[in-house]
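Here is the structure we will look at, set down as C-alpha cells.
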Amino acid sequence: MKLTADFLVIGSGIAGLSYALKVAKRGSILLVTKRQIDFTATRLAQGGIAAVSSEQGDFAAHAEDTMVAGVDLSHREIVDMTVGMGPKVIEDLINWGVNFSRNDQNEYDMTREGGHSQRRIFHTKDATGREIERALVAAVQKHPAIQVLENHIAIDLITEEKLQRNPNAKNRCLGAYVLDIEGEEVITIGARFTVLATGGAGKVYLYTCNPDVATGDGVAIAWRAGAAVANMEFMQFHPTTLYHPKAKSFLISEAVRGEGAILRRRDGTAFMADQHPLKDLAPRDIVARAIDHQMKKYGDDCVFLDMTHQDADYIRDRFPTIYETCLSYGIDMTQEPIPVVPAAHYLCGGVQVDSYGESGVSNLFVIGESACTGLHGANRLASNSLLEGVVFAQRAAEASLQRLATSKSDFPSIAPWDSGNATNSDEEVIVTHNWEEIRRCMWSYVGIVRSNKRLCRALKRIQLIQQEIIEYYWDFHLT
Ligand code: SIN
C-alpha cells in the first residue's frame, strides 16, 4: 500500500501532537504511532512543565538554572529562546484545553523540582502529562486534516540518497516505510515533511520508568538516513522510582521532594545535606549519583523518601496518583517512607537539529526527546522536557509551513519496501533474548557511574549482538 501526506508525523506525545495541531490548517497529516495514540512517555509525566508564567517573569533565572543543571554544556542561545517562549506555549496548551492546577486564590499553582531556584512549574496535581495528552489527543482526533494510524511503527526513512536519485543534491527526506503491525504489511508513505517525535530510549536499560515504546528507534532510523546524532552518553537517571518487585519502575515525582520530602538511608539518616547546597533539591544527576553511592556503600537495595512530616490530607490531595499507586503496593506514604531507587529516565542527546528542529537531512524534523537541540546539555533540568517538546513543535511548524508555501510539488515516486528473500522467523524468541542482553549490559556497564573499563566491556558485547541483529533483520520478515 502507498499513502501520501503533506506532513508525516511519527509519534504521538506532546511534541508530535502539538506539531500536528500547528500545521493542520495548511495541509494533510498522517500521524503514525506504535500502539494506541496515548501510549506515550508524555502521558506518564508527573511533575509538570517548567515555564515563566508571564512576560514580566524571571526568564534569566530559568535560563541560569537550565545552564547549571546542564553542567554548562547547554547552548545558551537555545536556552534563552526556549525559556523565552514559555508563556506563549503555556497559552497554546491552555487554548487546546489543558487544565493546570490552581491555588486557593485561583492563580496557577507553581510547584518546584530539583535544580529550580524558584517555583515555576505548571502542573496538574501529579499527573500533568496525563492531562496534556488527554487534551491534545482530543484536539487531534477532532481535526479533519489529521489521520491517525495506531499500531504502526516506522522502520526506515526514505531519502534521496537511499533512492540514489540525485547524488549531488543535499540529502532530502521523502517519507518513511511503516509497518502496519496488525496487517503485517510494510506501507510506503510519501511526505513533503517528515517529523520524528518518537521519544527516548529508556528501554535499552534494564530498569526504566519509560513506557515500553521508548526504544530509541527514531534516533536509529534518523542515523541510518544520514542525520548526525549527539550527546547519546547523557542518559538521565531519575533518582526516585518505586522499589517494589511488582511495580514496573513507577516514578515518584521530584515534585514530592519539591514539596518537602527528604531522602534517607534505611537507618533514617538524611544524606543529601552534605552533598549539595540545594540538599534534596539538587539537580537530578547529583541526587541519582548520591543514592547510587549510598546503596553501594551500605549494601542496601534502596533508599527511602520520607514525607511523613507533611499533613496527610495535603499529601493525598496534592499527589493522588502517587499516593494511590503506593497504597496499592501496601505502602502508605502518609505514614511511612517510600522505598526508592534510580532508573533510566530521559535521553538528553538524540538527533542533532538546528534551532527549528531540522536535522542534517532536509525536510526531516526531529522534536521532543528524540532530538538533541542543545537545551539540556549533560543533564536536563526537571520539567524542561515538555517545554522543549512544545517549543520545538512550534519552531518546526513555522519552518515547514514557510517552506511548504514555496515548494508545492508532486510527490516523488518511491519504490515499495523490498523484503528480498526474507522468510518468517521460526524463533522470534531470539529478539527477546537480544533485547534482554542489551538491557542488562547497559545497566551493568553503562549505568549511573561509568569507567573506561566498563565501557569497553559493554562495547565488545554490543558489537557482537549488533552483528547477530543485522543478520536476523535481513533474513526474516519484520514483525
Ligand atoms: C518528575 O516528575 O520527577 C519528572 C519530571 C521530569 O522528568 O521532568
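The values are calculated or read from the model by the stated rules, or taken from the named source; none is laboratory data. All values derive from a computational prediction rather than experimental measurement. Glycine also receives a Cβ, built like all others from the backbone with ideal geometry; neighbour counts cover every protein chain displayed. Protein only, heavy atoms only, side chains kept; ligands, DNA and RNA dropped before computing areas. Shrake-Rupley method; radii C 1.70, N 1.55, O 1.52, S 1.80 Å.
Expressed as a rounded percentage, what relative contact order does segment 1-105 have, with Cα pairs under 8 Å and six or more residues apart?
Normalised by residue count, the contact order of segment 1-105 is 20 percent.
Pop a pseudo-label 7 angstrom from the Cα along the beta-carbon direction at both residue 64 and residue 248 and give the gap in nm to one decimal.
Taking the two extended label points, one gets 4.3 nm.
Any of 25/203; 246/296; 248/296; 162/453; 296/460; 34/297 with alpha carbons more than 32 Å apart? Name them for me.
Listed pairs above 32 Å: 25/203; 162/453; 34/297.
Simple spin-label model, 7 Å along Cα-to-Cβ: residue 403 to residue 25 in nm?
Once both label points are built, they end up 2.2 nm from each other.
Might you work out the accessible area of residue 364 for me, using a 1.4 Å probe with all protein chains in place, and round it to the nearest 10 Å²?
0
Of 373, 406, which has the most accessible area with a 1.4 Å probe, and how do the rest follow in descending order?
From most accessible down to least: 406, 373.
May I ask you to compute the full-extension gain from residue 36 to residue 425, defined as 0.36 nm times their residue separation minus their alpha-carbon distance, rounded to one decimal in nm?
Gain on extension, residue 36 to residue 425, equals 137.5 nm.
Once each part is reduced to its C-alpha centroid, what is the distance from segment 358-423 to segment 1-16 in angstrom?
One Cα centre to the other: 10 Å.
I need to check one value: relative contact order of the chain, counting alpha carbon pairs closer than 8 Å and at least 6 residues apart, in percent. Write down the numbers at each step before the final one.
Working: 1024 pairs, mean separation 105.7, N = 479.
22 percent.
Taking the Cβ of residue 12 as the center, what net charge do the other residues with Cβ under 12 Å away carry, scoring Lys and Arg +1 and Asp and Glu -1?
Details: positive: 34, 35, 43; negative: 38, 133, 150.
Once positives and negatives cancel, what remains is 0.
Just to be sure I understand the model, the point goes 7 Å from the Cα along the line to the Cβ. What's the resulting residue 274 to residue 411 distance in nm?
Reported label-point gap for residue 274 and residue 411 is 6.5 nm.
Give me a comma-separated list of calculated 3J(HN,Hα) values for segment 381-397, in order, Karplus coefficients 6.51, -1.76, 1.60 applied at θ = phi - 60°, integers in Hz, x for any Gly or Pro.
5, 3, 6, 7, 6, 5, 4, 4, x, 7, 5, 6, 5, 5, 5, 5, 5
Let me cross-check residue 356: its accessible surface, 1.4 Å probe, with only protein heavy atoms counted, in Å² to the nearest 10?
Number for this one is 90 Å².
Return the tail of the calculated pair distribution for segment 300-377, meaning the percent of Cα-Cα pairs more than 21 Å apart.
Values: 1592 of 3003 pairs.
Considering segment 300-377, 53 percent of its Cα-Cα pairs are separated by more than 21 Å.
Determine the per residue accessible area of segment 235-278 with all protein chains present and a 1.4 angstrom probe, expressed in square angstrom.
42
What three numbers, in Å, describe the spread of the alpha carbons of the chain along their principal axes, ordered from the longest?
Largest first, the chain extends 66, 51, 39 Å along its Cα principal axes.
About the Cα centre of the chain, what is the dipole size in debye to 20, counting +1 per Lys and Arg Cβ and -1 per Asp and Glu Cβ, all else neutral? The partial results should precede the final answer.
Numbers: 49 positive and 60 negative charges, 144 e Å.
So the dipole magnitude of the chain works out to roughly 700 debye.
Post the alpha-carbon centroid distance, segment 321-355 to segment 233-304, in whole angstrom.
10
Kindly report, to the nearest 10 Å², the accessible surface of residue 122 as traced by a 1.4 Å probe over protein heavy atoms only.
Accessible area of residue 122: about 10 Å².
Classify segment 144-229 as rounded, prolate or oblate from the Cα gyration tensor: take a ≥ b ≥ c as the square roots of its eigenvalues, call it rounded if a/c is under 1.5, otherwise prolate when a/b beats b/c and oblate if not.
The shape class here is oblate.
Can you give me the accessible area per residue for segment 333-403, using a 1.4 Å probe, in Å²? Provide the component values of the computation, followed by the final result.
Working: 1380 Å² over 71 residues.
It amounts to 19 Å² per residue over segment 333-403.
Quick one: grab the alpha carbon gyration tensor of segment 180-257, order the square roots of its eigenvalues as a ≥ b ≥ c, and give me rounded if a/c is under 1.5, else prolate or oblate depending on whether a/b is larger than b/c.
prolate
What is the percent carbon and sulfur in the accessible area of the chain, measuring with a 1.4 Å probe over the protein chains and ignoring ligands?
50
Say R0 is 41 Å: what FRET efficiency, to the nearest 0.05, do residue 332 and residue 463 get from their beta-carbon distance? Numbers along the way, then the final one.
Working: r = 48 Å, r/R0 = 1.17.
Computed FRET efficiency for residue 332 and residue 463 comes out at 0.30.
How long is the gain from residue 452 to residue 313 if the chain were fully straight, where each residue apart is worth 0.36 nm and the alpha carbon distance is subtracted?
The span from residue 452 to residue 313 would gain 45.2 nm if fully extended.
Ignoring ligands, DNA and RNA, how do 449, 186, 52 rank by accessible area with a 1.4 Å probe, largest first?
The ordering from most to least exposed comes out as 449, 186, 52.
Restricting to the chain, what percent of DSSP beta bridges are antiparallel, rounded to 5?
Antiparallel: roughly 60 percent of the beta bridges in the chain.
For segment 85-143, report the accessible area per residue in Å² (1.4 Å probe, heavy atoms, rounded to an integer).
Values: 2610 Å² over 59 residues.
Solvent-accessible surface per residue comes out at 44 Å².
Students sometimes get this wrong: rank 77, 259, 133 by accessible area, probe 1.4 Å, all chains present, largest first.
Listed by decreasing accessible area, they come as 77, 259, 133.
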